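Worksheet: one structure, shown below.
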Amino acid sequence: MILTLAFRNLFHDRIRLAVTLVGILFSIVLVAIQLGMYLGSSRMITSMIERSNSDLWITAFGAKSFEEGGILLSTRERHQALATPGVKAVIPLVVAFAEWRKPEGGSTRVVLVGTDAEDGALEPWSLVSGTWQDIKSPDAISADDTYFRELGINGIGDTAQIAMGRVKVKALTHRIRSFTQSPYVFTTLSRARSLLGAESDKATFYLVQLEPGADAEAVRLELLNRLEGAEVLTKNEFEDRSLRQWLFRTGAGLALIGGALLGILVGTVIVAQTLYSSTKDHLNEFATLRALGSSSGYIYKVILAQAGLSAVIGYILGILISLGILYISRNTPLPLVMTPGLAGALFGLTLFMSAVSAISAIIKVTRIDPATVFNR
Amino acid sequence: MTQPVLEAENVVKELGKGAGKVIALKGVNLSLVKGELTLLMGPSGSGKTTLLSILGCILTPTSGDVRVEGESTAGKSPEQLAELRRKHIGFIFQSYNLFPTLSALENVRIALDVIGRKGYQAAQRAEEVLRDVGLGNRLRNYPSNLSGGEQQRVAVARAIAASPSVVLADEPTAALDSENGHAVMALLSRIAKEQNRSVLAVTHDPRTLGYADRVVRIEDGLIVGEERRPQGLDAPEIADLTKRRKVNG
Ligand SMILES: Nc1ncnc2c1ncn2[C@@H]1O[C@H](COP(=O)(O)OP(=O)(O)OP(=O)(O)O)[C@@H](O)[C@H]1O
Ligand SMILES: [Mg+2]
């Protein structure tokens, strides 16, 4: 009967129900977008590191992120690393921002990633056209098909210039989005060096693969000992550092989290307000219940059930709308991400929000005097 | 002499604060026994509703004591008083106080739900009492689709569903026309006698006198008189109602 009464109270005033649902929905969509952007950003920022097949990353001292590592490491460090017990392979990677001159004029910035796929540490994933063999052919690079407009190209075969030299689009990746909005362009290690004018023994990162059974932490400490002026980070550490650089030094992350908090706040206030006014409208009925001998717990349950029902309905609508927005955003500069974890967290959040909203209504109801039942 | 189910002893009740303070009851003694319909009559403002609220454990006396089935209410918390109400007392109000969003059946069921009686058996019981008050064919109606008399009979069903030993009614017929007023009074009288409950009804209405076993008069916060109706006299309306019940259900 608690659910029945809660349900009837809720649907009794359709307009108020609509306001409640819009409040919850608004909140969920806002939080989903903000957190979805946050997750989306995080994924973009860490995708290269995440996709790499490596246990440790050697970076120049102070490297802030994947994109900003400099081209400072040399073969000396590579040999020192290779000589460290437990190390199986040390694979060089060259990464740098570079100027891209569009075929029709004008220029933009790209992130040039020089890697030798054969080394087995990092390769362009999700190739939708062309192969790694194509990228190895003279002047070849891969570009991402979601960045054609920025790059001023139309597809395979187009030519452009990166920094010092001419390049030809020979392969296409699909939806490798970049948080910095500078598209990722893959090419071979040696071509990346020559395009960027770097010496042929230089690298941005060394990706370390360990012997089976080697203790990662011990190897890390030993590498730190041997390498001067370099840092040795685990994958997670380097991901965190990149995230901190792009999301927090730039303030973007704070804006997203702030937006999410605002969404929660606004939603809670709207729901609290409607729940309170609904409770006020039904105060006589609650007083009657009290006169009939109901415990106050029974009455709180009715109010909480009202809050919970609104939460469930609002959540379902909110998630549907969020998924719609997610779908629309998939090819934009900032594709939103929804994970089962985020969906679950949003549901928990909705329930929490509704429970908090119920507080004012419950306080109101605690003050009812059952004696009012006789004076109507 | 039967044991009283509800007793008020030297009940004093002050209402309001400061300049607005009123002594609504000035030392009331009253005891109610099972099987009787008692009418509480008196002029407006004499303290009838206040006394009913105190007897029903909704208000607590400023001084004096109320005993329900011999159990003193002194010093009980609001939650404990609520428990006494749900165990022993049924209420009927002048303006019915039905839940507008619940059907007749659900209105009775919620009173059972409150005392922890749920599920199919509770639904059965609710239907049974509604049939008993002649509303067997109005189970699914919402209060807005019931006449005043029917609404008050739903309220009566709700009050007796949990089989309380005491039923307290504040001006149960005031909002009803003559015919419906008689029907409800007949019903209350029958509840007192057939179901052996103690029923106390506050009323202004002289038409209700014929149903009373006992009439208590209150004036200015004090009981000023009491009459007993001779035993064995039946109001004709009781027979009337029984006939109607047969037609309805
Ligand atoms: N909450 C209150 N605060 C102050 N005074 C009150 C309050 N409630 C009732 N009173 C006063 O207490 C007295 C008794 O009121 P009560 O409602 O018991 O009278 P009553 O006999 O039921 O009257 P009526 O026949 O008009 O319903 C009245 O003088 C009333 O004005
Ligand atoms: Mg009154």
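The values are calculated or read from the model by the stated rules, or taken from the named source; none is laboratory data. Quick caveat: nothing in here was measured; it's all calculated off a predicted structure. All Cβ positions, glycine included, derive from the backbone under ideal geometry; neighbour counts span all protein chains shown. Each accessible area value is taken on the protein alone, full model and side chains, heavy atoms only, with ligands, DNA and RNA left out. Shrake-Rupley method; radii C 1.70, N 1.55, O 1.52, S 1.80 Å.
When the range A:29-53 is examined, which residues are found to be open to solvent by less than 10 Å² (accessible area, probe 1.4 Å) and outside any helix (DSSP H, G or I)? If you could, list the steps in order and put the result at the bottom.
Initial filter on the range A:29-53 (open to solvent by less than 10 Å² (accessible area, probe 1.4 Å)): A:31-32, A:36, A:40-41, A:45, A:48-49, A:52.
Listed by number, the list holds a single entry, A:52.
Can you confirm whether residue B:25 is at pLDDT 95 or above, surrounded by 20 or more Cβ atoms within 10 Å (Cβ to Cβ) and within 19 Å of the chain's Cα centre (by Cα)?
Values: at pLDDT 95 or above: yes; surrounded by 20 or more Cβ atoms within 10 Å (Cβ to Cβ): yes; within 19 Å of the chain's Cα centre (by Cα): no.
No.
Determine whether residue B:137 is open to solvent by 10 Å² or more (accessible area, probe 1.4 Å), touching a residue at least 40 places away in the same chain (Cβ under 8 Å), away from every other protein chain (no Cβ under 14 Å) and not in a helix (DSSP H, G or I).
Details: open to solvent by 10 Å² or more (accessible area, probe 1.4 Å): yes; touching a residue at least 40 places away in the same chain (Cβ under 8 Å): yes; away from every other protein chain (no Cβ under 14 Å): yes; not in a helix (DSSP H, G or I): yes.
The answer is yes for residue B:137.
How many residues are of a type in the set (Phe, Trp, Tyr) and either in a strand (DSSP E or B) or surrounded by 14 or more Cβ atoms within 10 Å (Cβ to Cβ) (or both) when one looks only at the range A:95-126? Steps first, please.
As a first pass, look at the range A:95-126 and keep what is of a type in the set (Phe, Trp, Tyr): A:97, A:100, A:125.
Going one step further and asking which of them are either in a strand (DSSP E or B) or surrounded by 14 or more Cβ atoms within 10 Å (Cβ to Cβ) (or both), we end up with A:97, A:100.
Qualifying residue count for the region: 2.
Got a number for residues in the range B:111-128 being surrounded by 22 or more Cβ atoms within 10 Å (Cβ to Cβ) and touching a residue at least 12 places away in the same chain (Cβ under 8 Å)? Steps first, answer last, please.
We begin by selecting, within the range B:111-128, every residue surrounded by 22 or more Cβ atoms within 10 Å (Cβ to Cβ); these are B:111-114, B:126.
So of that shortlist, the ones also touching a residue at least 12 places away in the same chain (Cβ under 8 Å) come out as B:111-112, B:114, B:126.
Summing the residues that are surrounded by 22 or more Cβ atoms within 10 Å (Cβ to Cβ) and touching a residue at least 12 places away in the same chain (Cβ under 8 Å) in the range B:111-128 gives 4.
Here are some conditions: (1) over 23 Å from residue A:43 (Cα atoms); (2) in contact (Cβ under 8 Å) with a residue 24 or more places away in the chain. Residue A:79 meets all but one. Which one does it not meet?
Single failed check for residue A:79: (2).
Answer with yes or no whether residue B:169 is more than 18 Å from residue B:229 (Cα to Cα) and in contact with a Gly (Cβ under 7 Å, 6 or more places away or on another chain).
Numbers: more than 18 Å from residue B:229 (Cα to Cα): yes; in contact with a Gly (Cβ under 7 Å, 6 or more places away or on another chain): no.
So residue B:169 does not fit the description; no.
If we keep just the residues of the range A:292-305 that are open to solvent by less than 30 Å² (accessible area, probe 1.4 Å) and away from chain B (no Cβ under 12 Å), which is farthest from the chain's Cα centre (by Cα)?
A:303
Take residue A:46 and tell me if it is among the β-branched types (Val, Ile, Thr) and within 14 Å of chain B (Cβ to nearest Cβ). Steps first, please.
Working: among the β-branched types (Val, Ile, Thr): yes; within 14 Å of chain B (Cβ to nearest Cβ): no.
No.
Given the range A:214-291, what helices (runs of 4 or more DSSP H) lie entirely inside it while holding 2 or more residues that are open to solvent by 50 Å² or more (accessible area, probe 1.4 Å)?
Numbers: elements: A:216-226, A:235-243, A:252-281, A:283-291.
So the answer is A:216-226, A:235-243, A:252-281.
Here is a check on your reading of the model: is residue A:80 more than 30 Å from residue A:282 (Cα to Cα), over 20 Å from the mean Cα position of the chain (by Cα) and assigned to a helix (DSSP H, G or I)?
yes
Of all residues in the range A:347-376, how many are within 14 Å of chain B (Cβ to nearest Cβ) and away from ligand 2 (no atom under 16 Å from the Cβ)? Even if it seems obvious, please write down each step before you answer.
Of the range A:347-376, the ones within 14 Å of chain B (Cβ to nearest Cβ) are A:365-376.
Then keep just the ones that are away from ligand 2 (no atom under 16 Å from the Cβ); that gives A:365-368.
Result for the range A:347-376: 4.
How do the pairs read when you match residues in the range B:163-191 that are within 14 Å of another protein chain (Cβ to nearest Cβ) and under 23 Å from residue B:86 (Cβ atoms) with residues anywhere that are within 16 Å of ligand 2 (Cβ to nearest atom) and assigned to a helix (DSSP H, G or I), using Cβ under 8 Å and keeping only pairs 6 or more apart or on different chains?
Once the first residue is within 14 Å of another protein chain (Cβ to nearest Cβ) and under 23 Å from residue B:86 (Cβ atoms) and sits in the range B:163-191, its partners that are within 16 Å of ligand 2 (Cβ to nearest atom) and assigned to a helix (DSSP H, G or I) give B:166/B:55; B:168/B:52; B:168/B:55; B:170/A:374; B:170/B:48; B:170/B:49; B:170/B:52.
For the range A:165-177: of the residues being surrounded by fewer than 21 Cβ atoms within 10 Å (Cβ to Cβ) and over 17 Å from residue A:133 (Cβ atoms), which is nearest to the chain's Cα centre (by Cα)?
A:175
Can you name the strands (runs of 3 or more DSSP E) wholly within the range B:20-109 that have at least 1 residues being farther than 30 Å from residue B:209 by Cβ and within 14 Å of ligand 1 (Cβ to nearest atom)?
Numbers: elements: B:22-32, B:37-41, B:63-68, B:89-92.
Of the strands (runs of 3 or more DSSP E) lying wholly inside the range B:20-109, none has at least 1 residues that are farther than 30 Å from residue B:209 by Cβ and within 14 Å of ligand 1 (Cβ to nearest atom).
Consider residue A:310 carefully, then state whether it is more than 14 Å from chain B (Cβ to nearest Cβ) and of a type outside the set (Asp, Glu).
Values: more than 14 Å from chain B (Cβ to nearest Cβ): yes; of a type outside the set (Asp, Glu): yes.
Yes.
Just the residues that are within 13 Å of chain A (Cβ to nearest Cβ) and on the phi > 0 side of the Ramachandran plot, please, taken from the range B:58-96.
B:96
Looking only at residues that are assigned to a helix (DSSP H, G or I) and surrounded by 24 or more Cβ atoms within 10 Å (Cβ to Cβ) in the range B:193-214, which one is nearest to ligand 2 (Cβ to nearest atom)? Outline the logic, then answer.
Here is the first cut: in the range B:193-214, the residues assigned to a helix (DSSP H, G or I) are B:193-194, B:206-211.
Narrowing further to those that are surrounded by 24 or more Cβ atoms within 10 Å (Cβ to Cβ): B:208, B:211.
Numbers: B:208: 15, B:211: 19 Å.
Going through the qualifying residues, I end up with B:208.
Out of all the residues in the range B:64-84, which are free of Cβ contacts under 8 Å to residues at least 60 places away in the same chain, open to solvent by 50 Å² or more (accessible area, probe 1.4 Å) and more than 20 Å from residue B:115 (Cβ to Cβ)? I'd like the intermediate steps shown before the answer.
Step one: filter the range B:64-84 for residues free of Cβ contacts under 8 Å to residues at least 60 places away in the same chain, giving B:64-65, B:71-84.
Subsequent filtering for residues that are open to solvent by 50 Å² or more (accessible area, probe 1.4 Å) retains B:71, B:74-76, B:78-80, B:83.
Once the filter is applied, which keeps residues that are free of Cβ contacts under 8 Å to residues at least 60 places away in the same chain, open to solvent by 50 Å² or more (accessible area, probe 1.4 Å) and more than 20 Å from residue B:115 (Cβ to Cβ), the range B:64-84 yields B:74, B:75.
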